[in-house]
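Any read-out appearing in this document is the output of simple, stated calculations on the displayed coordinates, not a laboratory observation. Here the structure is a predicted model, which is why all the values come from computation and not from measurement. Cβ: placed from backbone, ideal geometry, glycine included. Neighbour counts: every protein chain shown.
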Amino acid sequence: MAKRKKSYAKKRPIAVTVIASAIVVLFVIRLAQVFEPLVADRVFQNGIRGTLVAGLRLTPLGNLLFNSVGYLLLSIAGIVVLIGFLRLQRWSWVVLMGWTGASLIISLLDYFYTHANFAVMAANVIIAFALNLNDVQRIYKIRSDDGGPVL
């Protein structure tokens, strides 16, 4: 007896899997950015010794911890967006498009003024191109079946 295909299941384009993979790559990169400076500064071995704030400015240790916490929050937010994206939620497409655009702008500024992270740039370019495919926009109800925008 042949199995019946679930009628409520949405067909997921391959681009969604590519985007999800790129988000996982970004997650791993962000986790490395959380732990690498802390390991290099031996925070895990020696603990937090010294002040984090001097006057109204962060000390180098405070700046290190602030950046690590920021990257940790980005990693957690990325996982939340990934879960929503895999569940085909429209909000996740919108958040991911905004996030990718902002991340590309920041990556370009880093490229011109400080150090570039080419892995992050490449993952963001792949995500940006894949998010703009017609099939992906249709499944997230960004574009209608006739090609026009969904309001």
task: Divide, for segment 78-128, the radius of gyration over alpha carbons by 2.2 N^0.38 Å, where N is the residue count.
output: 1.24
query: Taking 0.36 nm per intervening residue step and subtracting the Cα-Cα distance, what contour gain separates residue 42 from residue 87 on full extension?
result: 12.2 nm
- request: Considering Cα pairs under 8 angstrom that are at least six residues apart, work out the relative contact order of segment 1-100 and quote it in whole percent.
  value: 29 percent
- request: Please give the contour-minus-distance gain from residue 51 to residue 79: 0.36 nm per residue of separation, less the Cα-Cα distance, rounded to one decimal in nm.
  value: 6.9 nm
- line: A correct Karplus calculation of ³J(HN,Hα) over segment 78-84, with 6.51 cos²θ - 1.76 cosθ + 1.60, θ = phi - 60°, whole Hz and x for Gly and Pro, returns x, 5, 4, 5, 4, 4, x
message: Output the 0 to 90 degree angle, nearest 10, between the alpha-carbon long axis of helix 118-131 and the longest principal axis computed from the alpha carbons of the chain.
response: 20 degrees
task: Quick one: angle between helix 90-113 and the longest Cα principal axis of the chain, in degrees between 0 and 90, rounded to 10, please.
output: 40 degrees
- prompt: Which value in nm describes the separation of the simple spin-label points at residue 125 and residue 102, placed 7 Å from the Cα toward the beta carbon?
  reply: 2.3 nm
